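**Student:** Before we start, here is the structure in question, set down as C-alpha cells.
Read-outs: derived from the displayed coordinates by stated rules, not from any lab. The shown structure was predicted, so the numbers you read here are calculated from the model rather than taken from an experiment. Cβ: placed from backbone, ideal geometry, glycine included. Neighbour counts: every protein chain shown.
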Amino acid sequence: MGNVLIYLEQAEGALRPAALSAITFARAVHKAQGGKLLFLLIGDNVKGAAAQAATFGADGVLTVEAPALQHYLAETYAPIVARVAKEQGATLVGGTSTAVGKDLFPRVAGLLDAGLAPDISAVLAARQFRRATNAGNVYQTLEITSPAAVVSARQTEFSRAAAIGSNSPVSAVAPGNIDAQGAEFVELQTQKRDRPDLTEARIVVSGGRGMKDGKNFAQIEQICDVLGAAMGASRAACDAGMVPNDLQVGQTGKVVAPDLYIAVAISGAIQHLAGMKGSKVIVAINKDAEAPIFQLADYGLVMQWEKALPELLSELKRIKGA
Amino acid sequence: MKILVTAKRIPDPGQKIKLKGNALDLSAANWQLNQFDEYAVEAALRLTEDGAAPATRQGAVTVASLGPADVQQQLRSALAMGADKAIRVEAKDEELDAVIVAKTLEKLVRRDQPDLVLMGKLAADNEGNDVGQRLAALLGWPQATFACSIQVVDGGKALLVGREVDNGVEIKKVRLPAVVTVDLRIIAPQAVKNGRTAANFAYPEGPRYASLKGIRAAKDKPIEALTLSGLGVSTALQVKTHGSELPPARQAGKKIASVHELVEKLRSEAKVL
Ligand SMILES: Cc1cc2nc3c(=O)[nH]c(=O)nc-3n(C[C@H](O)[C@H](O)[C@H](O)COP(=O)(O)OP(=O)(O)OC[C@H]3O[C@@H](n4cnc5c(N)ncnc54)[C@H](O)[C@@H]3O)c2cc1C
Ligand SMILES: Nc1ncnc2c1ncn2[C@@H]1O[C@H](COP(=O)(O)O)[C@@H](O)[C@H]1O
C-alpha cells in the first residue's frame, strides 16, 4: 500500500488542538496500512506549526505557503491536498472532522475520485473504519474500496498526541497555481471566550429552552467558571437567541465527550443526545421527571433550575474553596 | 434564478432502530424527507419569490432525488411546498454511495445548468456530510457549506453566505453557479435575502406547510424519471457498509434528592469534581 498523508490544522503559528487528535488518528491508520507517514500544513506562514509537527515521529512534514492561502478556503486548499497526495504516493488522506475538515475532505475526495469515510471513531483495518450514524444510535463499519481513501476522524474519539521529540524533515512544496474558483473569504464573526473550547473541556454545562431567557445563562456561566468548564446549549436555546449558535451540542452542533456533562433544562431529544452521550458522567437537572434525558443520565435531579443552580453554585464554591 | 434542490428520503429519526442480522431493518420505517433537504427546499422558495401573498415567483426550483419509486411521495411533498418540478433517478438506497450520488447529480447539473445547487448539509440517517462538497469538486464550482444565511449580491451574480463554523459564523462570498449546503438556521425568519423581497420581510420560523391548494397543484407537476445507466453513471460502490450494530445502551442512573447530595456523589462516587 501507499503512504499516509494527514492534513494538520494550524492557527497563529501553532498546531490547533484538533491537529493533535489528527496525529493520534494518523498513528492508528499508519499502523494499519504501513508506508510513509507524512504531515501537511497549508497557510501563509506555517513555519512555527511545522516545527512543532516535526516532533511527532512522522517521516516528513510538508508545507505549502503563499499569501493567498492565509484564510482557509475549500476551493484553494482541496486541490493542494489532492495534488500533494498524488505526488507523494499517498493512498490514505485524512485529518480531523472539524468544521474545516468537514468542508475540505469531501472536496478532496471528489478531486481524487476516492471514497470518504467521514467522522470515524475507530480504525479497524487499513480500509475499514467504524463510525456513528443515525444520531449516534448505530455503529457502522465502512470499507473504502477505491484505490485512494479519504478519512476524517472525530476529534473526541482520538486523544491528543504527545510529541516524541524526534525531528522529522520539513520540506516546502510549491503552492502552484492558486485559483479560488469564484470563492472569497469575507470575515469570521467570532466571540472571544475565556472558557475552554466545548470540544476540549473536561466539564461541559449546557442549558436548554427551559432556561427561558439568555440572561439566565449567566447562572450557568458562573458555574462554568468555578469548574473551569465550557458552556453548551441545545438547539432550542440557540435558535431562541439565548446563546450564540456555536455553543450548540448535538448531531448538528458540536460532539462533546467530557468527563462530566451537566444538562440543565434540556429535554433530551435524540439530536441533542447524539452530541453528548459519549460523556463519561451525565447529570440532568430538569423539572419534569419524565424528561427523556433522565433515561441516560447517571445522576438525575428533578428540580427547577431556579432553585438548583444557585444551590449548585454555592456548593461548588464551598468544595473548591472559592 | 434557476435552482436545483437535492432531496433524500430517510427513515423517521424518532423511530426506534431495529437490526436484522447486522443490517438495519427498515421494513417498518416511516420514510420522510431529510429535514435538511426540506430546509433547502424552503430556502430555494425564499430565494425565488417576493414575500407577497400570493408570492410572485421569479426563477424555478427543481427537486431531484435518487431512490426507489416510493420517493415520489417525498418529491410530491416538496412540489406541494411550491417547487416547480421534480426528477427521480431510480436506485435502491443500498446501491448508492456518495460517489454515485454526486456523479449522478453532476450529470443533472451539466444537463440542466442551474445557477445554484441547494442541498442539505447532511443526510440525518447516514450522516455523510459528503455529497455537496464532492459535487462542487466535480463541477469545479465554489461551495458554501453549513449555510445559516444567504444573501443575493452583485445583481444576482453572487451569494454572501453565513456559514456555521466551529468558532462562530464565517461569511463567504461565492460567485454563481455554486453549491450551497444548508444548516438548521437557514429557516430562521430573515435568513434568506434575495434582493427583491422587502429587506425587513420576515417569514414564519421553519419550513412552510403545504397548503391544500399546493397539494392539489403538486399532483399535476411533472416528475421526470431517469436511470443511472441512462445517465451513464457507473454503479460500482466505492464505500461499502459491512455491518451495523447498536452501541451499548447507557443505563439510566439514579435520581438524587438534593443538590448537596449530587455534589457529594460527583465527588466521592463518580470522582469527576
Ligand atoms: C435535523 C435536526 C437536527 C437537530 N440537531 C440538534 C442538535 O444538534 N442539538 C440539539 O440540541 N437539538 C437539535 N435538534 C432539535 C431537537 O430535536 C430538540 O428540538 C431540541 O434539542 C430541544 O431543545 P431543549 O431540550 O432545550 O428544549 P425542549 O425540548 O423544549 O425542553 C426543555 C426542557 O426544559 C425543562 N424545563 C422547563 N422549565 C424548566 C425549569 N424552570 N427548570 C428545569 N427544567 C425546566 C422542560 O421540562 C423540558 O424538558 C435538531 C432537530 C432537527 C430536526
Ligand atoms: N439519494 C439521494 N438523492 C438525492 N440527494 C441526496 C441523496 N443522498 C444524499 N443527497 C443529498 O446530499 C446531501 C448530503 O448527504 P450526505 O453527504 O449523504 O450526508 C443530502 O442532504 C441530500 O441533499
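**Student:** Around A:A117, which amide H atoms from residues at least 5 apart in sequence, or from another chain, sit under 5 Å from its own amide H, with H modelled in the peptide plane?
**Tutor:** Correct list: A:V150, A:V151, A:S152.
**Student:** Right, here's the next one. Past 31 Å, Cα to Cα: identify those pairs from B:K157/B:K221; B:K18/B:K219; B:K107/B:K240; A:K47/B:K157; B:K16/B:K271, in the order given.
**Tutor:** Working: B:K157/B:K221 29 Å; B:K18/B:K219 34 Å; B:K107/B:K240 23 Å; A:K47/B:K157 38 Å; B:K16/B:K271 33 Å.
Exceeds cut-off: B:K18/B:K219; A:K47/B:K157; B:K16/B:K271.
**Student:** Okay, moving on. May I ask you to compute the full-extension gain from B:D154 to B:K18, defined as 0.36 nm times their residue separation minus their alpha-carbon distance, rounded to one decimal in nm? Intermediate values should be presented prior to the final figure.
**Tutor:** On the way: separation 136, 0.36 × 136 = 48.96 nm, distance 5.01 nm.
Result: 43.9 nm gained on full extension.
**Student:** At 10 °C and 1.306 mPa s, what whole-number value in µm²/s does Stokes-Einstein give for the translational diffusion of chain A, with Rh from the Kirkwood sum over Cα pairs? Can you show the working numbers first?
**Tutor:** Values: Rh = 20.9 Å.
In µm²/s, the coefficient is 76.
**Student:** So how far, in whole Å, is the C-alpha centre of the range A:113-131 from the one of the range B:232-271?
**Tutor:** Result: 20 Å between the Cα centres.
**Student:** List the residues, sorted by chain then number, that are 5 or more residues from A:I262 or on another chain and whose placed amide H is less than 5 Å from its amide H.
**Tutor:** Long-range HN contacts for A:I262: A:V204, A:V205, A:S206, A:V283.
**Student:** Using θ = phi - 60° and the Karplus relation 6.51 cos²θ - 1.76 cosθ + 1.60, list the HN-Hα couplings for the range B:128-144 in order, rounded to whole Hz, with x at every Gly or Pro.
**Tutor:** x, 6, 10, 4, x, 5, 5, 4, 4, 5, 5, 7, x, 9, x, 10, 9
**Student:** Calculate how many DSSP beta bridges within the range A:3-172 are antiparallel, expressed in % of all such bridges and rounded to the nearest 5. Show your work: numbers first, answer last.
**Tutor:** Details: 12 of 38 bridges.
That works out to approximately 30 percent antiparallel.
**Student:** I would also like to ask the following. If neighbour count is taken as other Cβ atoms inside 10 Å, put A:F294, A:F105, A:F39 in order from fewest to most.
**Tutor:** Starting with the residue having the fewest Cβ neighbours, the order is A:F294, A:F39, A:F105.
**Student:** Right, another one. Treat the count of other C-beta atoms within 10 Å as a stand-in for reagent exposure and order A:R16, B:R250, B:R111 from fewest to most.
**Tutor:** On the way: A:R16 20, B:R250 15, B:R111 11.
Listed from fewest to most nearby Cβ atoms, that is B:R111, B:R250, A:R16.
**Student:** When you look at the Cβ of every residue in B:141-149, what mean number of other chain Cβ atoms sits within 10 Å?
**Tutor:** 4
**Student:** Report the label-to-label distance for A:A11 and A:T190 in nanometres (one decimal), using points 7 Å from each Cα along the Cα→Cβ vector.
**Tutor:** A separation of 0.3 nm, rounded to one decimal place.
**Student:** Another question about this same structure. Based on DSSP, what percent of beta bridges with both residues in the protein assembly as shown are antiparallel, to the nearest 5? Provide the component values of the computation, followed by the final result.
**Tutor:** Details: 44 of 122 bridges.
Approximately 35 percent, going by the DSSP bridge assignments.
**Student:** Sticking with this structure for a sec: What shape does the range A:203-320 have by the C-alpha gyration tensor, where a ≥ b ≥ c are the square roots of the eigenvalues, rounded means a/c under 1.5, and otherwise prolate means a/b greater than b/c and oblate the rest? Could you put the intermediate results ahead of the total?
**Tutor:** On the way: a/c = 1.28, a/b = 1.19, b/c = 1.08.
Here the range A:203-320 falls in the rounded category.
**Student:** Calculate the mean, over all residues of peptide B:244-257, of how many other protein chain Cβ atoms lie within 10 angstrom of the residue's Cβ. Walk me through the numbers on the way to the answer.
**Tutor:** Details: counts 7, 5, 4, 8, 1, 4, 9, 3, 8, 11, 5, 8, 9, 3.
Mean partner-chain Cβ count within 10 Å for B:244-257: 6.
**Student:** Okay, moving on. Over what distance in Å are the Cα centres of the range A:56-108 and the range B:42-113 separated?
**Tutor:** Each part's Cα centre sits 32 Å from the other's.
**Student:** Right, here's the next one. Just to check I understand the Karplus step: with θ = phi - 60° and J = 6.51 cos²θ - 1.76 cosθ + 1.60, what whole-Hz values come out for the range B:256-273, glycine and proline as x?
**Tutor:** 10, 8, 9, 5, 4, 5, 4, 5, 4, 5, 5, 7, 8, 9, 7, 6, 10, 10
**Student:** Counting partner chain Cβ atoms within 10 Å of every residue's Cβ in A:177-184, what's the average? Walk me through the numbers on the way to the answer.
**Tutor:** Details: counts 0, 0, 1, 4, 10, 11, 12, 8.
Per residue, the number of nearby Cβ atoms from other chains is 6 on average.
**Student:** List the residues whose amide H sits under 5 Å from the amide H of A:L62, counting only those 5 or more places along or on another chain, with H placed 1.01 Å from N in the peptide plane.
**Tutor:** A:F39, A:L40, A:L41, A:S171
**Student:** While we're on this one: Can you work out ³J(HN,Hα) from phi for every residue in the range A:102-118, in order, using Karplus 6.51 cos²θ - 1.76 cosθ + 1.60 and θ = phi - 60°, giving whole Hz and x for Gly and Pro?
**Tutor:** 5, 7, 7, 5, x, 5, 4, 4, x, 5, 8, 6, 10, x, 10, 9, x
**Student:** As a footprinting exposure proxy, order A:V123, B:V153, B:V131 by other Cβ within 10 Å, with the fewest listed first.
**Tutor:** Values: A:V123 24, B:V153 13, B:V131 30.
Lowest count first: B:V153, A:V123, B:V131.
**Student:** Beyond 39 Å, how much of the Cα-Cα pair distribution for the protein assembly as shown remains, as a whole percent?
**Tutor:** Details: 50623 of 176715 pairs.
It works out to 29 percent of all Cα pairs.
**Student:** Work out, step by step, the length gained on full extension between A:A51 and A:V226: first 0.36 nm times the residue separation, then minus their alpha carbon distance; give nm to one decimal. Working shown, then result.
**Tutor:** Details: separation 175, 0.36 × 175 = 63.00 nm, distance 3.57 nm.
Net length gain for the segment: 59.4 nm.
**Student:** What nm value, rounded to one decimal, do you get for the distance between B:D50 and A:L124 when each label is placed 7 Å out toward the C-beta?
**Tutor:** About 5.7 nm, to one decimal.
**Student:** Assign unit charges at the C-beta atoms only (+1 for Lys and Arg, -1 for Asp and Glu), then state the dipole size of the range B:205-254 relative to its Cα centre in Debye, rounded to the nearest 20.
**Tutor:** Dipole size: approximately 280 debye.
**Student:** Run through the DSSP bridge list for chain A and note the antiparallel percent, rounded to the nearest 5. Don't skip to the end; give the middle numbers.
**Tutor:** Details: 12 of 58 bridges.
Roughly 20 percent of the DSSP beta bridges within chain A come out antiparallel.
**Student:** Can you give the relative contact order of the range B:2-245 as a percent, counting alpha carbon pairs under 8 Å and 6+ residues apart?
**Tutor:** On the way: 502 pairs, mean separation 62.9, N = 244.
This gives 26 percent for the range B:2-245.
**Student:** Taking 8 Å as the Cα distance limit and 6 or more residues as the minimum spacing, I'd like the relative contact order of chain A as a percentage. Can you show the working numbers first?
**Tutor:** Values: 714 pairs, mean separation 46.2, N = 322.
Relative CO of chain A lands at 14 percent.
**Student:** Just the ratio, please: alpha-carbon radius of gyration of chain B over 2.2 N^0.38 Å, N its number of residues. Please report the intermediate quantities before stating the final value.
**Tutor:** Numbers: Rg = 21.2 Å, N = 273, 2.2 N^0.38 = 18.5 Å.
Scaled against compact globular proteins, the figure is 1.15.
**Student:** Taking +1 at the Cβ of each Lys and Arg and -1 at the Cβ of each Asp and Glu, which of A:F158, A:F185, A:G210 sits farthest along the dipole of the range A:152-238 towards its positive end, judged by Cα position relative to the Cα centre?
**Tutor:** My answer, from the dipole projection, is A:G210.
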